[in-house]
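Step one of this worksheet: look at the structure below.
The values are calculated or read from the model by the stated rules, or taken from the named source; none is laboratory data. Keep in mind the model is a prediction, meaning the values are calculated, not measured. A quick note on method: Cβ atoms are made from the backbone with ideal geometry, for glycine too, and the neighbour counts reach across all protein chains shown. Only protein heavy atoms, including side chains, enter the accessible area calculation; ligands, DNA and RNA are left aside. Shrake-Rupley method; radii C 1.70, N 1.55, O 1.52, S 1.80 Å.
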Amino acid sequence: MGTRTADETAAETETETETGTETGAAGPERDKEARDAAEGTGAGPETEPAPGAGEEGASGVGQGAAAIVSAALGVVSLTGSWPGTVAAARETLIGQLETAADAGVATQVREMYGDAWHTSALWAGLFALTALIVGAAALVRPAFGAPGRTRAPWIGSVAWAGVSLGVIGLLLAVLKYTDVLLGLPATS
């Protein structure tokens, strides 16, 4: 039951006409199928795609991918990222270069470690915010899709996990950046 070539369709049509048998399609419909097959449009019943085939909403691939990306970004916001680590190391180096050797201990700690800590918190916050936005988009996407379409239950669960991790990561990043959580040690 594959697609038929124009020659096969024409030969079958001639055979059916000679024997007077029909294979399921009545007069004009059979002729339309034969014309379509001969023209190469493949619009016959054997070649029509299934309803919704090829659309993103049919299988939920895009929503599922967004949900997984959201959860992954949420985990990265909590555990740290390569850009955050590199940016923090860069801030440490800049602090070492710009701080005078005779500067006080408080100034040295702030310049060498405080800026790096804040940079790390800033990158974690960016990843958390991205996780939150992507997860929320995956959750609200069905509201803007075709009515009657449902998504797989796991997509909603993973998207909620991404949103939750994003909220937690954003909260921790704000607390780190404002020195409420693990602030710099007091120097006297």
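Residues of the range 69-188: accessible area per residue at 1.4 Å, in Å²?
60 Å²
Students often check this: by mean Cβ neighbours within 10 Å, which of 116-124, 90-98, 61-69 ranks highest, and how do the rest follow?
Order by mean packing, descending: 116-124, 61-69, 90-98.
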Give me the percent of accessible area attributable to carbon and sulfur for the range 122-188, probe 1.4 angstrom. 75 percent
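Calculated FRET efficiency, Glu98 and Ala186, Cβ-Cβ r, R0 22 Å, to nearest 0.05?
0.45
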With Ala103 itself left out, Lys, Arg at +1 and Asp, Glu at -1 over residues whose Cβ is under 13 Å from its Cβ give -2
